Amino acid sequence: MRGEFLDLSGARLYYYAAGSRGAGEPVVLVHGFPTSSHLWNEVVPLLPVGHRIVVVDLLGYGRSDPPRDLDVSLAGHAHRLVGMFDMLGIRRACVVGHGIGGGIAQWLAVNETARVSHLCLVDSVAFDVWPRIEVRLARAMAPLLRHMPPGAILAALRSRLLAGYMDADRARRSFDFYLRPFSTVEGRNALIRQLSTLNHRETRELASRLGAIRLATAIVVGARDPFLPRSVGARLHAAIARSTLHVASDARHFTPEEAPTVVAAAVTELLRR
């Protein structure tokens, strides 16, 4: 396993590669808010051999650069992933996205169809269903948050996100990885930028185009997700013709951590289709 930075128009994205190259399509794993490539640590070893696995930190997360004035909408992140594909020589790949990463994956499947071989949406935002109260509150409070110390903001975020895990100890360990980049003043400003951009408008616009997706697709949901109801996965399954639905019975929102075998099995089955 090796990690590297890619310079995409002046912004560095961190990624690491795993697996082994073979005849199979590459698999690109895309995390959501406010996580990082760490989300997939237990999924990667379970993925089938013969596939190049690429795990990325989106701009503003993990080891990647802060976003500053760059676009961090779903489309903005998606365009950078296409640039990453080009730099890594990836013609097309199985794209697996969690949370807002699932929204980015939907954008790619609809707008860059030739670059996507298979699609996997895990606990994905979709339609007009996002964690609406949190998103609205964060957007409304963004100007005030700029005057708060980073530690106070992160404490509030930790408290809210704890509900996304069955295992509180696991949550605390993971938060140490996920929230570290936001612990400085620059990191706080990057977090506020991400929060301010969270908006269901993009996935609502994509919704009418989901029926045009003809890719083999897997949809994975945590049965106890408190942020995005299980019905979102059912709606995605109904909207995308060649989709399968997989339910992790003992997971909440962060299913790649709490049920890595379910996620890996869904991707493995998907790659055979």
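Here, each number is a calculation from the coordinates, and none is a lab measurement. This one's a predicted model, so the numbers in the text were calculated from it and none came from an experiment. Every residue, glycine as well, gets a Cβ built from its backbone with ideal geometry; the counts of neighbours run over all protein chains shown.
Computed quantities for the displayed model
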read-out: Fully extended contour minus Cα-Cα distance, from residue 186 to residue 250, at 0.36 nm per residue; value: 19.4 nm
read-out: Residue-count net charge about residue 13 - beta-carbon cut-off 10 Å; Lys, Arg +1, Asp, Glu -1; value: -1
read-out: Projected-area mean, the stretch 136-273, by convex hull of Cα positions, square nanometres; value: 9.3
read-out: Nearest 10 degrees, 0 to 90: helix 168-178 Cα axis against the chain principal axis; value: 90
read-out: Contact order normalised by residue count of the stretch 136-273, Cα under 8 Å, 6+ apart, percent; value: 24
read-out: Cα-based equivalent ellipsoid of the chain: semi-axis lengths in Å, sorted from largest, via gyration tensor; value: 26, 21, 19
read-out: Extension gain, residue 166 back to residue 91 (0.36 nm per residue minus Cα-Cα distance, nm); value: 23.2 nm
read-out: Net charge of neighbours whose Cβ lies under 14 Å from the Cβ of residue 49, counting Lys and Arg as +1 and Asp and Glu as -1; value: +2
read-out: Other-chain or far-sequence residues with amide H under 5 Å of residue 218's (modelled H); value: 119, 120, 121, 244
read-out: With Cα atoms, 0 to 90° folded angle of helix 260-271 axis to the chain main axis; value: 40
read-out: Sequence-distant residues sharing a close amide H with residue 251 (under 5 Å, placed H); value: 223, 224
read-out: The chain: angle of helix 132-145 to the longest principal axis, Cα-based, in degrees nearest 10; value: 40
read-out: Cβ-derived FRET efficiency at R0 45 Å, residue 204 paired with residue 46, nearest 0.05; value: 0.85
read-out: The chain, relative contact order in percent, only Cα pairs under 8 angstrom and at least six apart counted; value: 21
read-out: Rel. contact order, % - alpha carbon contacts under 8 angstrom, at least six apart, the stretch 1-74; value: 35
read-out: Table column - 3J(HN,Hα) (Hz), the stretch 230-247, Karplus curve with 6.51, -1.76, 1.60, x for Gly and Pro; value: 4, 5, 5, x, 5, 5, 4, 4, 5, 7, 9, 4, 9, 9, 10, 10, 10, 10
read-out: With eigenvalues of the C-alpha gyration tensor scaled by 5 and rooted, the stretch 1-127, Å; value: 20, 16, 15
